[in-house]
Amino acid sequence: MRDVEAVARTGADAIAISLATSPIHLKYKLNISWQEALSRIRETVKKAKSLGLYISVTAEDGSRTPYKMLKEYAETVLEVGADRLRLADTLGILTPDLAKRLVRRLVKEVGIAVEIHAHNDLGLAVANTLAAIEGGAEWASVTVNGIGERAGNAALEPVVVALKVIYNKHVGVELSRLYELSKTVERLSGIPIGHFAPICGENVFRHSSGIHVHGLLKNPYTYQPIAPEEVGRRAVFVFDKYSGKALIKHKLNEFGIEIPEELIDRLRSHLVEKAYCLKRCLNDEELRREIEGFLRLTTASLYYNGANSEEASS
């Protein structure tokens, strides 16, 4: 109760109250009965309500709480003034189907507003968050870059972009600043963004495959669900052993280098061999250097062969 009073004294107008609801937490962490848990949450919510606070109540480990108990918990907190139930999938064990059905049931049978709080232990945090929203959740817990306990939480970036791209829902987030925000948090937290992390990972808008690049140069949506500029990014084309002539021609134009069409296949073979030997992509600086080196050798070879032909004819 003192914590609730302390929150009110700060001038805050809202409070988040959390209590574990699963049998394993009640027994091994809290060492209290179910009825004691209900009594504690009831009195705490009453106190917060008497102080005029907006109240969000968490059912910690709610996804491992039998539905009968979870429903009783939701009904109890709603009855004494809670404004929102925060359903915590504390171990990240829900599936999207279960998340959707569980939220839908709570909203329909209890009539309480629900927030989903998903963990990413099994890589399902974003999917479960979106499914819960489909089921009627009005709020979602997200973190920048998915930072959180263990495997982290649902990441802000893919959640808000998926809401726009898949559901056509705009939630007031400036998507064009997502990358800037993500990199700022990376720098301040010291926690690197995963190379393949959705939206803000370095590889997300990086293309090399010949088929992909060929399509992207004609229409950026052939292999991208959203234009990179919409989320503060830009598409990057890099050369590797799977790249084709479309990328080479694009880079030649970008570098302002002209080359006879009949040399493109030979140039590609040269670049593929280089990328294969390095076992990685060639960056723009390396690509330009290899192209210029190839042209010098080719020009010298053509000149030499031409000179030999003239000597032979004479």
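Scanning the stretch 115-125 for residues that are surrounded by 24 or more Cβ atoms within 10 Å (Cβ to Cβ) and hydrophobic (A, V, I, L, M, F, W, C) yields a count of 3. Among residues of the stretch 35-55 that are in a strand (DSSP E or B), those with a beta-carbon under 7 Å from a residue that is crowded, with 16+ Cβ neighbours inside 10 Å and hydrophobic (A, V, I, L, M, F, W, C) at least six positions away or on a different chain give the pairs ILE55/ILE15; ILE55/ILE17; ILE55/VAL45; ILE55/ALA48; ILE55/ALA82. Is it the case, given these coordinates, that ILE41 is crowded, with 20+ Cβ neighbours inside 10 Å and either touching a Gly at 6+ places or on another chain (Cβ under 9 Å) or not polar (S, T, N, Q) (or both)? Against the criterion (crowded, with 20+ Cβ neighbours inside 10 Å and either touching a Gly at 6+ places or on another chain (Cβ under 9 Å) or not polar (S, T, N, Q) (or both)), ILE41 qualifies. Of the listed requirements (1) under 30 Å from LYS164 (Cα atoms); (2) in contact (Cβ under 8 Å) with a residue 12 or more places away in the chain, ALA227 misses just one: (2). Could you say whether any residue in the stretch 68-89 is within 27 Å of ALA151 (Cα to Cα), free of Cβ contacts under 8 Å to residues at least 40 places away in the same chain and either surrounded by fewer than 21 Cβ atoms within 10 Å (Cβ to Cβ) or more than 25 Å from the chain's Cα centre (by Cα) (or both)? No - not one qualifying residue is present in the stretch 68-89.
Within the stretch 198-213, can one find any residue that is in a loop (DSSP other than H, G, I, E, B), outside the structural domain of LEU271 (by TED's automatic domain parsing), modelled with pLDDT under 95 and surrounded by 15 or more Cβ atoms within 10 Å (Cβ to Cβ)? There is at least one residue in the stretch 198-213 that is in a loop (DSSP other than H, G, I, E, B), outside the structural domain of LEU271 (by TED's automatic domain parsing), modelled with pLDDT under 95 and surrounded by 15 or more Cβ atoms within 10 Å (Cβ to Cβ).
Per the listing ILE24, ILE112, the residue uniquely outside any helix (DSSP H, G or I), modelled with pLDDT of 95 or more and surrounded by fewer than 22 Cβ atoms within 10 Å (Cβ to Cβ) is ILE112.
The values are calculated or read from the model by the stated rules, or taken from the named source; none is laboratory data. Bear in mind the structure is a predicted one, so any value in this text is a computation, not a measurement. Cβ atoms come from the backbone with ideal geometry, glycine included; neighbour counts cover every protein chain shown.
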